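Encoded as structure tokens, the structure appears first; notes follow it.
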Amino acid sequence: MTDTLIDDMYRLGDNIADTKAPTDVPIGERWTKAKFENKLVNPSNRRKLSVIIVGTGLAGASAAATMGEAGYNVKAFCYQDSPRRAHSIAAQGGINAAKNYNDDGDSVYRLFYDTVKGGDYRSRENNVYRLAEVSTNIIDQCVAQGVPFARDYGGLLDNRSFGGVQVARTFYARGQTGQQLLIGAYQAMERQVAAGTVKEYVRHEMLELIVVDGKARGIIARDMVTGEIETHLADVVVLATGGYGNVFFLSTNAMGCNVTATWRAHRKGAYFANPCYTQIHPTCIPVSGDHQSKLTLMSESLRNDGRIWVPKRKEDCDKDPRDIPEEDRDYYLERIYPAFGNLVPRDIASRQAKYMCDEGRGVGPMVGDFRRGVYLDFADAVSRMGEAAVKAKYGNLFDMYARITGEDPYKVPMRIYPAVHYTMGGLWVDYDLETSIPGLYAVGEANFSDHGANRLGASSLMQCLGDGYFVLPNTIRDYLAEGPFEPVTEDHPAVVEARQSVEGRIQKLLSINGERTVDSFHKELGNIMWEYCGMERSEEGLRKAIDLIRGLREEFWRNVRVLGSANTLNQSLEKAGRVADFLELGELMCIDALHRRESCGGHFRAESQTEDGEALRHDDEFLYVAAWEFEGEPSGGPNAPILHKEDLVYNSIELKQRSYK
């Protein structure tokens with residue numbers, strides 16, 4: 001490690017590499033070889049081994065179901081009152097799989113290629129190819145569970161297209177795909193709960209990771225109903241806790257989504273990879289005022305049949321859109337990107353919508369100084385297909401939009417605007433999905449591995465179920481085969497230290513008794529992050545953001561007011577712990593964005609763009625994963641974070657500038 005501070009913000013550590021993927025065979029044979037070479041655990045030994053899984057969304061529930069079915073002793077934790085309320089239910093449009101049912105040229109390799117290209121060549125080849133490979137198994141698994149995928153007239157599974165691709169590979173259940181898939185995974189997990197292999201802990205929040213002799217051996221959790229602090233020990237820990245988009249305060253995430261589990265692991269030694277890689281979803285209901293606490297996603301699948309446009313003239317923005325003739329409408333995505341049109345990837349669609357509004361051609365009510373909205377118009381689709389056919393494909397989405405806005409999207413064009421949605425960054429993992437802490441695994445959105453700098457639509461559900469059903473159960477056994485492990489008791493010094501740190505943190509939050517609410521700090525942090533580390537970034541803005549966040553964090557620990565007590569249901573205390581972690585994460589996100597002086601995927605640096613305003617990568621400087629090591633309390637100096645680089649090597653795909661024109 002170098003002792004020199006870079007940009008007065010961070011230090012440079014040793015390079016790292018993923019050494020788990022077999023590289024002596026072609027990429028299409030690596031997963032098969034890895035599964036064969038991973039050690040086995042015989043059924044009688046599995047009963048002696050224990051696994052903690054934190055999070056019971058698609059990734060966590062599918063992993064718990066599969067590990068329980070295999071015979072391991074599984075403890076599954078969630079902070080919701082039921083695993084069915086995990087945020088996975090909010091996914092709407094579909095799940096990708098390279099089945100090629102439409103015979104339109106799809107294949108495992110094309111899904112692999114589209115994913116790497118869509119991520120702007122910042123994802124790891126081996127992991128992405130494996131994801132494409134197992135995608136076909138996911139659909140078979142879910143159909144066997146009874147997931148009600150849409151079917152065509154002949155009864156076969158139907159497909160539709162999503163942004164960034166030119167084939168139809170997305171399986172869907174109207175606009176409820178995430179909910180239906182989660183019900184399937186939940187039922188599979190509950191079967192194992194009934195069988196006794198999975199024990200379920202609802203309304204429990206992980207507040208600390210227990211690391212004994214360098215290995216993950218358990219968690220400290222708080223019973224959110226009674227306030228009791230509990231110690232749970234196991235042979236291995238799996239984090240399936242989703243993303244951290246709520247660092248922006250306003251996002252499409254559920255209000256409870258947070259970073260605490262992965263951030264606590266990061267503070268214990270797990271590297272955090274590409275934290276600034278945040279996805280801005282182009283198809284959300286626009287902000288309507290300062291009163292909002294979250295935003296609502298409208299499925300990207302709507303871009304299949306809806307056409308996106310704004311008025312050509314600023315003076316038309318106040319008009320009823322139905323009164324604006326065709327010749328005065330700018331279908332800007334179809335104009336700029338004729339090959340993909342309205343199905344360009346999310347980052348490009350989001351950025352172009354922002355540009356239209358920045359030009360003064362946005363629509364809808366004024367929010368601040370701008371009209372933050374563009375039209376998503378289904379008039380052509382209704383004319384072509386008929387209202388009944390549109391309703392069959394998108395009916396629940398149209399109903400949701402009508403309830404929220406009071407407008408009928410069958411008759412008046414929808415208004416949409418980009419919003420924070422998904423995070424491609426997360427804990428660094430190797431090919432086995434193991435973090436830099438032995439015995440700690442991360443699956444689904446909690447890890448960084450598959451999406452690069454921009455996630456293709458319908459790929460999050462694919463990764464979550466791929467990791468949970470097919471990847472993790474085959475890789476974690478290589479670690480568990482070393483068992484049985486030496487027992488750890490609750491009086492072990494590392495366990496006692498972890499518990500005391502949680503109790504001390506809670507008491508500190510309750511004792512500050514300041515003047516500002518937790519939500520006021522969260523909202524201010526979100527404004528800083530959106531303004532300076534959102535859709536467009538600059539060196540000047542990021543440096544300003546870091547200073548602002550450091551000042552805000554100092555004030556938080558001096559002036560926050562947390563009501564109630566520790567030994568009871570206390571949502572104010574829950575929020576305070578999560579916002580405290582967001583304040584640390586926000587600084588690291590800005591440092592990561594500052595160091596990456598390139599425009600890549602959804603991360604547009606004002607200093608790095610092509611002549612026509614597109615994102616400009618710098619592969620000669622930034623062709624690597626940025627994996628950050630925690631070095632102590634933040635704010636620079638001797639405790640500055642340490643950057644470890646994992647070089648990205650592309651042997652199966654040619655690096656090129658992305659083009660969707």
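The values are calculated or read from the model by the stated rules, or taken from the named source; none is laboratory data. This is a predicted model, so every value here is computed, not measured. Note that each Cβ is placed from the backbone with ideal geometry, even for glycine, and that neighbours are counted across all protein chains shown. These area figures cover heavy atoms from the full protein model, side chains too; ligands, DNA and RNA do not enter into them. Shrake-Rupley method; radii C 1.70, N 1.55, O 1.52, S 1.80 Å.
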*Each label point is 7 Å from the Cα along the Cα-to-Cβ direction; what then is the distance between the points at residue 531 and residue 36, in nm?*
5.9 nm
*Just need the relative contact order of region 502-661 here, percent rounded to a whole number, with Cα pairs under 8 Å and 6+ apart.*
21 percent
_Derived scalar couplings ³J(HN,Hα) [region 241-251; Karplus, 6.51 cos²θ - 1.76 cosθ + 1.60; whole Hz; x for Gly, Pro]_ = 9, x, x, 10, x, 6, 4, 8, 6, 7, 7
*Straight-line reach from residue 319: which aspartates and glutamates have a Cα under 19 Å away, not including same-chain ones fewer than 8 places off?*
327, 328, 330, 358, 359, 369, 377, 407, 408
*Can you list the lysines whose alpha carbon sits under 22 Å from that of residue 314, skipping same-chain ones fewer than 8 residues off?*
354
*Using a cut-off of 15 Å between alpha-carbon atoms, which aspartates and glutamates can reach residue 294, once sequence neighbours fewer than 8 places away in the same chain are excluded?*
519, 524
*Of the listed peptides 336-348, 593-605, what is their order by residue-averaged count of other C-beta atoms within 10 Å, with the highest listed first?*
593-605, 336-348
*asked:* I want to make sure I understand the PRE zone here: with the label point 7 angstrom from the Cα of residue 101 toward its beta carbon, which residues in region 151-195 have backbone N atoms less than 11 Å away?
replied: 151-160, 169-173
_Under-5 Å amide H pairs with residue 278, H placed in peptide plane, nonlocal only_ = 424
*Where in region 316-360 is the amide nitrogen less than 14 Å from a point lying 7 Å along the Cα-to-Cβ axis of residue 659?*
337-340
*Using a 1.4 angstrom probe, figure out how much accessible area region 253-376 has per residue, in square angstrom, rounded to the nearest whole.*
33 Å²
*Amide hydrogen neighbours beyond the local backbone of residue 649, cut-off 5 Å, H modeled*: 125
*Starting with the highest mean, order 379-390, 146-157, 51-62, 73-84 by the number of other Cβ atoms within 10 Å, averaged over the residues of each peptide.*
51-62, 73-84, 379-390, 146-157
*asked:* Need the C-alpha centroid separation for region 460-493 versus region 400-447, integer Å.
replied: 24 Å
*Could you grab the relative contact order for the chain? Cα pairs under 8 Å, six or more apart, rounded to a whole percent.*
21 percent
_Per-residue HN-Hα couplings for region 494-510 [Karplus 6.51, -1.76, 1.60; θ = phi - 60°; Hz; x = Gly/Pro]_ = 5, 6, 4, 4, 5, 5, 5, 5, 5, 5, x, 5, 4, 5, 5, 4, 6
*Go through 33/99; 39/99; 33/75 and tell me which ones have a Cα-Cα distance over 27 Å in this structure.*
39/99; 33/75
*Can you send over the carbon and sulfur percentage of the accessible area for the chain, probe radius 1.4 Å, protein chains only?*
48 percent
*In Å², what does the accessible area per residue of region 82-175 work out to with a 1.4 Å probe?*
36 Å²
_Added length on full extension, which subtracts the Cα-Cα distance from 0.36 nm per residue, residue 572 to residue 145_ = 149.8 nm
*Find how many whole Å separate the alpha carbon centroid of region 594-653 from the alpha carbon centroid of region 343-395.*
31 Å
*Would you mind classifying region 199-316 by shape? Square roots of the alpha carbon gyration tensor eigenvalues, ordered a ≥ b ≥ c; an a/c under 1.5 is rounded, otherwise it is prolate if a/b is larger than b/c and oblate if not.*
prolate
_I'd like the Karplus ³J(HN,Hα) series for region 84-95: coefficients 6.51, -1.76, 1.60, θ = phi - 60°, whole numbers in Hz, and an x wherever there's a Gly or Pro._
5, 9, 4, 5, 4, 5, 7, 5, 10, x, x, 9
*Give the long-range amide H neighbours of residue 437: residues separated by 5 or more places, or on another chain, with amide H under 5 Å away, using H modelled in the peptide plane at 1.01 Å from N.*
271
*Would you mind pulling out the separation of the Cα centroids of region 152-173 and region 532-583, in Å?*
42 Å
*Approximate spin-label separation residue 647-residue 512, in nm, with each point projected 7 Å along Cα-to-Cβ*: 4.4 nm
*Can you pick out the pairs among 199/508; 35/268; 20/117 whose Cα atoms lie more than 27 Å from each other?*
199/508; 35/268
*Shape call for region 20-112 from the C-alpha gyration tensor, a ≥ b ≥ c root eigenvalues: rounded (a/c under 1.5), prolate (a/b greater than b/c) or oblate?*
oblate
*How would you classify region 421-545 from its alpha-carbon gyration tensor, with a ≥ b ≥ c the square roots of the eigenvalues: rounded for a/c under 1.5, else prolate if a/b is greater than b/c, otherwise oblate?*
oblate
*How high is the relative contact order of region 116-210, given as a whole-number percent (alpha carbon pairs under 8 Å, six or more residues apart)?*
17 percent
*Extended-chain gain in nm, criterion 0.36 nm per residue less alpha-carbon gap, residue 327 and residue 8*: 109.5 nm
*Highest to lowest packing among 450-458, 640-648, 199-207, 510-518, scored as the average C-beta count within 10 Å*: 450-458, 199-207, 640-648, 510-518
_How much length would be gained if the chain were fully extended between residue 313 and residue 359, taking 0.36 nm per residue of separation minus their Cα-Cα distance, in nm to one decimal?_
15.5 nm
